[in-house]
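Here's the structure, in structure tokens; my notes come after.
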Amino acid sequence: MNIRSRMFGVFLLGAAFCTSAVMSPQASAADFGLIRAVPDDVFLVVAAKHNPEQAFLDEYWGEVCKTLRETGVGEDLMALIGSQIGENEMNEVNRLKDKAQRLIDGVNWGDLKTQDFVFAERMAAPDIDGSNISMGPPDFICMFRGGKAAEKNYTGLVAILQGMVEEINTARGSQQLKIAKSDDKGAKIASCNFTASVPGAPPITLSVSQRDDVIIISFGELLLRQSLALLAGDKSAKSIAANARFKSAFSDLAAAEDQLVFFDMQRMLKPVRRIVSAALGGQTDAAQREKLQGFSDRMFDLPGLIDYTATTIRTEGHSVYSDVRVALVKDAKSKPFYAVFGGKMSVTGVDEFARYLPKETVSYEVISPIDFIAFSQFVEDSFKAYGDEGAMLWSKWEEFQVTAKFDVEKEVFSLLNGTSTNVMLEGGGWVGMMNVTDPEFAKAQLNRGMEFLSTQMTAAAKQNPMFGMMAIRRVPVKHETLAGFETIYTAMNPMPAAVWGVTDGKLMFGSSIDAIEMCINTAKGTHPGMKKNARLMAEAIVPDKDFFSATLQDQRNMGKELQALIGVVSFASGLMPMAIPDPEVRSILGKVAGMIAKLSPVAGKIDFFKSTSTCTTFDGQNFWTKQVTHYASPEERKVANAS
């Protein structure tokens, strides 16, 4: 049989395991019991439990999935595949698809998420033998504490594993892969080492295990054995649940009810650092080794600024809340990159938050900037840390700026100073603004940029008339509040592309004169601000102290926006065949366009989001983020659908 079709079948069977691995069961207020079975040297832990409060979301997403099945896109896809291969190959694909479906149906997936769930991942230890350096893939483990169907689910998952092995063996024309069954610490284990026949290859062992009502899917033999020891109560085994650093990470966060996540950046980087260090140790040229080590250390300091992140999630009514802590390493302030975001510039005063947000605000972003001058210095120092070669490259960049008569640091970075605010308004209007250090110089620079763009478009239009449609026309705004502002038009559209100008120490762009005036008058106090918008205030996380960023994104039209996007993509896909002479390719693209169009009703079912709001603060050592996503209640959806 054709190897491609058999590998397609292996993919289908493997998808069953992926389904279990990415399931996102939620949690009640009870403890996350299976965390105690996670060893303390993993770098990632995701723990969750079923939460009846989220039944409404299960129902909503169930409707989306049901609508997707009813579109017939799956059948269309199989028909398209069938049209590109022979009858025998298609029969083989159908056989494998039917086999995969039969095996998937042998598992009660709903039972797996009725109680605890935990996922953990650990980096493999490097194998360093002189100049021979290797490292296997990360180990991971998924543990499910289900209901009464544990025995049935174990049997079903083992059957899926057996099905994968059978198809791989058949495709390869050998029987080298085998399922090994064993017992350990009261658990039944079925496993297969997929690299057993490859000399010198690190073992890649996929296992399915059952201990009482706990089902385990794992990659990596040692991680599985350690978890089984912890489940069995082995006092010599160390659990991350008892790890002081792990517990401290969550001590100042809201209690987790649905889910918690812990990501240990330092533990993930540790084996990678070892490999790089070992590789550099083999460098015989001492000067070259020192240069490469210094550059490597500088690059590792970027992700290495983060010690760990911790997240807790809970559900209240029809809203899902999360609290996130991003902890920096103790000596973060001594790291070169810290100055880019750790200075006073990266904090916005609480009084600045709603200053330009009018009552008509629908969505907003108020974000503290990075220090662009510090960033420029970091980039320059990083080049020079690479020795003479890096210094030469940096000098070429400086020479280019001299030739172009454009100093990025002086003419761009030095202008950016402070908070940026972006706001979407009722009716589709928008305004964006950013603090600048020198308003007049900022205005001159924008004028220069506009003139350059206009000149380039004019020159390009002489070669290709299509570029003439993008020609820019600038019209001064005659308005008392917006002195010095301009309206920008393009030749292809009689409506304004944007209005821009500088006022109150801010560079402003907006969709219209009225939109910008509304924000300016809000700052002056002559137009009602967002605090007069009851719905907005009910859904926003409003800063109560100086902050790093604050956002709110209105998502009520998400389904309609996705439908519009699908319409555009489908229309474009439908036009593409007109430019393609190959009739076979035209036929395929036509069918793909039809399938894309069928997804519109699926997108339309995603009508249950209201908004997502965040607020992040920074205390010099930790970023603290609060986030909430609001959903429509079933009653609100009924009213909306009826109207």
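The values are calculated or read from the model by the stated rules, or taken from the named source; none is laboratory data. Remember, predicted model here, so these are calculated numbers, not experimental data. A quick note on method: Cβ atoms are made from the backbone with ideal geometry, for glycine too, and the neighbour counts reach across all protein chains shown. All accessible areas refer to the heavy atoms of the entire protein, side chains included, with ligands and DNA or RNA removed. Shrake-Rupley method; radii C 1.70, N 1.55, O 1.52, S 1.80 Å.
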message = Please pick out the residue among E352, E380 that is among the acidic types (D, E), open to solvent by 20 Å² or more (accessible area, probe 1.4 Å) and without any contact (Cβ under 8 Å) to a residue 24 or more places away in the chain.
response = E380
task = Could you tell me which residue of the stretch 72-114 is least open to solvent (accessible area, probe 1.4 Å), considering only residues that are in contact with a Ser or Thr (Cβ under 9 Å, 6 or more places away or on another chain) and over 22 Å from I168 (Cβ atoms)?
result = L112
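Could you say which residue among A579, A497 is of a type outside the set (V, I, T), open to solvent by 30 Å² or more (accessible area, probe 1.4 Å), farther than 26 Å from P369 by Cβ and at pLDDT below 95?
After applying the criteria, what remains is A579.
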query = Using beta carbons and a limit of 6 Å, which pairs, at least six apart or on different chains, have the first residue in the stretch 464-488 and farther than 23 Å from K443 by Cβ and the second one part of a loop (DSSP other than H, G, I, E, B)?
reply = M469/A491; M469/M492
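Which of the residues belonging to the stretch 502-542 are among the charged types (D, E, K, R), over 24 Å from G342 (Cα atoms) and open to solvent by less than 30 Å² (accessible area, probe 1.4 Å)?
Matches in the stretch 502-542: E539 only.
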Every residue from the stretch 617-643 that is under 18 Å from L536 (Cα atoms), assigned to a strand (DSSP E or B), open to solvent by less than 40 Å² (accessible area, probe 1.4 Å) and among the polar types (S, T, N, Q) = T629
query = Considering the stretch 230-277 alone, what residues qualify as being at pLDDT below 95, touching a Ser or Thr at 6+ places or on another chain (Cβ under 6 Å) and assigned to a helix (DSSP H, G or I)?
reply = V276
ask   = If you take the residues in the stretch 543-573 that are aromatic (F, W, Y) and in contact with a strand residue (DSSP E or B) (Cβ under 6 Å, 6 or more places away or on another chain), which one is least open to solvent (accessible area, probe 1.4 Å)?
value = F547
query = Which of (1) farther than 30 Å from I275 by Cα; (2) assigned to a loop (DSSP other than H, G, I, E, B); (3) open to solvent by less than 70 Å² (accessible area, probe 1.4 Å); (4) of a type outside the set (F, W, Y) is the odd one out, the single condition Q176 does not satisfy?
reply = (3)
inquiry  = Step by step: first the residues of the stretch 283-316, then only those that are of a type outside the set (D, E, K, R) and in contact with an Asp or Glu (Cβ under 8 Å, 6 or more places away or on another chain), then the one that is farthest from N622 (Cα to Cα). Which residue is that?
reply    = T315
request  = Would you be able to say whether some residue in the stretch 195-216 is in a loop (DSSP other than H, G, I, E, B), without any contact (Cβ under 8 Å) to a residue 12 or more places away in the chain and more than 25 Å from E166 (Cα to Cα)?
outcome  = no
